[in-house]
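The values are calculated or read from the model by the stated rules, or taken from the named source; none is laboratory data. Note that this is a predicted model, so its numbers are computed, not measured. Neighbour counts run over all protein chains shown; Cβ positions are idealised from the backbone, glycine included. Keep in mind that these areas ignore ligands, DNA and RNA; they rest on the heavy atoms of the full protein, side chains included. Shrake-Rupley method; radii C 1.70, N 1.55, O 1.52, S 1.80 Å.
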Amino acid sequence: MKKLPVNHAGSKSSALILRQRIGFFFPAFMSEEHFWRIWCWPYQGDVEGEIDKLEFSLFYGGEWEDVKVNLDFGVLKKNEASSSVKWMTTTHTFPECGKGITLDKIVQGDELRRYLKDDYFIVLCKIKILSTGNFGGGVTILSSLSGISKSGLNDSGGKIKKEMASGLVQFKVVSSYIIANDCNLVKFPMFIVGEHCWFLECSYRNIVLSFNLYVRSETKDIKVGVEFSMLKKDDSTSSVKWRSTTYTFKNCGAVLTMDEFIGGGELLQYLQDDYFRVICNITILSETITSGHDVTIISRTGKPKIYSVNGPSPFLHDDVGKLLQNKERSDVTFEVNGEKFHAHRLLLATRSPVFNAELFGPWNENNKKNIKVNEMEPMVFEAMLHFVYTDMLPNFNEASKDGNKESNQISLIQMFQHLLAAADRYALERLKILCEDKLSNSITINTVATTLILAEKHNCSNLKARCIEFITSPQCLVKVALTDGYFELIMSCPTILKELRTNFNNLSL
């Protein structure tokens, strides 16, 4: 087949259209440095069960206003030559992010039904930018950072079990734009984390601001840790509005809703400036890679040129970690059970809203340089500092001298239990998720009860569910009930007993 001069070509499963008869999104794609996504809606004709027309829509997901494009959109039968493409050509201006154009009557009636007889057909989209208006409009991307993290995921042999993709994007939101769109949805520019396209939208209603986070991906069951925050224009981190959660996006178009994120007088403090900032930090914890997608991208052309220069690998975490090791220019000292740790106030405040409040909040009147930390072991505080500086867990290689493997395993589990509590105490959500992941995969008869107490106390719903599942399994229930930890569980968390009984009864049925 002759190569087609298109920016995007996607194969579409005919079976899905015939089976669903509902609208669906194509995978998001980039053309001329702008994000785009295609929506398709099949229409039923006069004969029941027969598709008579396909309506397509192209949506803009970039940061510019008034993007004028020349658009060639077409469909091609599976085994036909490129010269037989059914094209529709038009010129259109997209006023802002989230706006689209509807393309219908490209192929319909008997001709469409001829396309649907094959197992798939091809959709072609060629986009040429003619002009753009102002950059950004109401919402623009100030900065974005993404990468792959292998930290904290080493097994005892030091081999990588899996990688974590993560990304942080910072938006500038014009206050007057939000107010002017009262009761309407405001769409944010798209961004990429872990090869998935994401976008935010917010709604302003009755002086309350709510947010939704969407994913556009062919991958299913994407489990992520999300840290979401709002900051004022003046970089005053003491005024951060912050929320974190773990959520699983089941499929393309799934949404994480953050209703009533901020409102009332607190919101008005943000809106009194000409703009405020929104930061979204996503860490992908796991995902189900599926094959045989109904809509897949089969070719891309017209990509912007990318020039690369070979250089050394990034060692930012090593360089920053040296500050902790060498104590260079440290300006605060923490005393933990008699042991002292030297650190850097600005770095701690940047990484943790709790440290920020403690070090720069109004109650730190005398700019204290010596702070005593209670109810924490020095080893746990040291491990937490290591994560704060390097975004990695230390290499917990603590094989006991007596070679007692079981004792060593319990000690390691206890370390992660204490570290999870420390992460929750200082609002280090990524560290908390890493510890939760470790504990979920290290449950034993002797530790499950104390881990369940921890999960209940620190609101770790996934870890709690895993512990309950373990305890109520027939082969473990009696053994767990004989441990000291189970007695502690009954005394400290009596309400969990009801959940254990319910889960056990459901298994018995």
Which residue pairs have Cβ atoms closer than 7 Å, lie 6 or more positions apart in sequence or on different chains, and pair a first residue in segment 25-45 that is on the phi > 0 side of the Ramachandran plot and of a type in the set (D, E, K, R) with a second residue that is at pLDDT 75 or above and assigned to a strand (DSSP E or B)? 32/127; 32/129
Can you find a residue that is in contact (Cβ under 8 Å) with a residue 24 or more places away in the chain and in contact with a Gly (Cβ under 8 Å, 6 or more places away or on another chain) anywhere in segment 454-470? no
Considering segment 64-83, residues that are open to solvent by 40 Å² or more (accessible area, probe 1.4 Å) and either out of contact with any Cys (no Cβ under 9 Å at 6 or more places or on another chain) or within 22 Å of residue 40 (Cβ to Cβ) (or both), and then whichever is modelled with the lowest pLDDT, we arrive at 83
Any residue at all in segment 408-418 that's touching a residue at least 40 places away in the same chain (Cβ under 8 Å) and closer than 25 Å to residue 166 by Cα? yes
Suppose we filter segment 342-379 for residues that are over 27 Å from the mean Cα position of the chain (by Cα), open to solvent by less than 20 Å² (accessible area, probe 1.4 Å) and among the hydrophobic types (A, V, I, L, M, F, W, C); how many remain? 4
Residue check: is residue 98 of a type outside the set (D, E, K, R), within 29 Å of the chain's Cα centre (by Cα) and over 12 Å from residue 129 (Cα atoms)? yes
When residues of segment 322-334 are filtered for being part of a helix (DSSP H, G or I) and either open to solvent by less than 10 Å² (accessible area, probe 1.4 Å) or under 22 Å from residue 424 (Cβ atoms) (or both), how many remain? 1
Take the conditions of a type in the set (D, E, K, R), part of a helix (DSSP H, G or I) and in contact with a Cys (Cβ under 8 Å, 6 or more places away or on another chain) and apply them to residue 488. Does it pass? no
What is the one condition in (1) modelled with pLDDT under 75; (2) closer than 21 Å to residue 390 by Cα; (3) not acidic (Asp, Glu) that residue 217 does not satisfy? (2)
Collect the residues in segment 335-370 that are touching a helix residue (DSSP H, G or I) at 6+ places or on another chain (Cβ under 7 Å) and part of a strand (DSSP E or B), keeping them in residue-number order. 336, 339, 341, 343
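Taking strands (runs of 3 or more DSSP E) that fall entirely within segment 206-286, which contain at least 2 residues that are under 17 Å from residue 178 (Cβ atoms)?
Where strands (runs of 3 or more DSSP E) fall fully within segment 206-286 and carry at least 2 residues being under 17 Å from residue 178 (Cβ atoms), they are 208-216, 220-232, 255-263.
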Is one or more of the residues making up segment 425-445 of a type in the set (Asp, Glu), modelled with pLDDT of 85 or more and open to solvent by 60 Å² or more (accessible area, probe 1.4 Å)? no
